[in-house]
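In what follows, a structure is listed as structure tokens, so that the remarks can point back to it.
The values are calculated or read from the model by the stated rules, or taken from the named source; none is laboratory data. None of the values given here were measured: they were computed from a predicted structure. FYI the Cβ positions are ideal-geometry reconstructions off the backbone, even for glycines, and counts take in every protein chain you see. Surface areas here come from the heavy atoms of the whole protein model, side chains and all, with no ligands, DNA or RNA. Shrake-Rupley method; radii C 1.70, N 1.55, O 1.52, S 1.80 Å.
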Amino acid sequence: MVPAAIVQLERMPLTPNGKLDRKALPAPEYQSDQMYRAPRTPQEEILCGLFAEVLGVERVGLDDNFFDLGGHSLLATRLVSRMRATLDVELSIRSLFESPTVGGLVEQLRGAQPARERLQAMRRPEEIPLSYASCGCGF
């Protein structure tokens, strides 16, 4: 386990009982080592906005790495879900791990499948067919 960020403190904040006051700890500031490169297309602009929204940062450039900015597997799942809803594309989480920048994901989106249709409520038929589990045939 490698920490995503390190915050240097003069001293640890303590509660009146002498325990660590976790609420008083400052939030880490995630910064990218890359120069900021602004989005050039509407798709890149949307992706930068989704990255920033999911990561809780002010802005994200084309070369900023999702994981260097504090992203992890749970946030990756959330980002892929937001991309599916916003851009109407089906993209795997693996794609984000392979191309963790907006610039890299734009390339992945070019070959992506359209998103699956959402499930819709339907009328229930009068007679529901039996499943293999309820037929008593041992499957």
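Only helices enter this figure: runs of n ≥ 4 DSSP H residues, each worth -39500 (n - 2.57), summed and divided by the residues of the chain, yield -9500 deg cm²/dmol at 222 nm to the nearest 500. The residue list Leu96, Leu20, Gln108 was ranked by how far each Cα lies along the charge dipole of the chain toward its positive end, using unit charges on Cβ atoms, and Leu20 comes out on top. Computed in the context of the full set of protein chains, the accessible area of the chain at 1.4 Å probe radius has 50% of its extent on carbon or sulfur. Averaging 1/r over each pair of different alpha-carbon atoms in segment 70-139 and inverting the result gives 15.2 Å, the Kirkwood hydrodynamic radius. What FRET efficiency, computed as 1/(1 + (r/R0)^6) with R0 = 35 Å and r the Cβ-Cβ distance, is obtained for Arg59 and Ser131, rounded to the nearest 0.05? Using R0 = 35 Å, I get an efficiency of 0.10. Taking amide H as placed 1.01 Å from N in the peptide plane, the amide H of Glu90 sits under 5 Å from that of Gln113, Ala115, each at least 5 places away or on another chain. Other residues with beta-carbon under 12 Å from the beta-carbon of Val80 carry, at +1 per Lys or Arg and -1 per Asp or Glu, a net charge of +3. Note: segment 39-79, Cα convex hull, 57 Å³ per residue. Per residue, the chain exposes 80 Å² of solvent-accessible protein surface, assessed with a 1.4 angstrom probe and all protein chains in place. Between the beta carbons of Ala115 and Leu9, assuming R0 = 41 Å, the FRET efficiency works out to 0.35 to the nearest 0.05. Computed from phi, the 3J(HN,Hα) profile of segment 10-24 under the Karplus parametrisation 6.51, -1.76, 1.60 (θ = phi - 60°) reads 5, 7, 7, x, 10, 7, x, 7, x, 8, 5, 8, 4, 5, 8 Hz, with x in place of Gly and Pro. Backbone phi angles across segment 81-97, fed through the Karplus curve with coefficients 6.51, -1.76 and 1.60 (θ = phi - 60°), yield HN-Hα couplings of 5, 5, 5, 4, 5, 7, 9, 6, 10, 9, 10, 7, 5, 4, 4, 5, 5 Hz in residue order; Gly and Pro are listed as x. Taking the Cα atoms only, what angle lies between the long axis of helix 42-55 and the longest principal axis of the chain, rounded to 10 degrees? Once rounded, one gets 70 degrees.
Shown here: Kirkwood radius over Cα pairs in Å, derived from the displayed model; of the candidates [x] 16.0; [y] 18.6; [z] 16.7, it corresponds to [y]. Each Lys and Arg adds +1 at its Cβ and each Asp and Glu adds -1 at its Cβ; summed about the Cα centre, the chain shows a dipole of about 420 debye.
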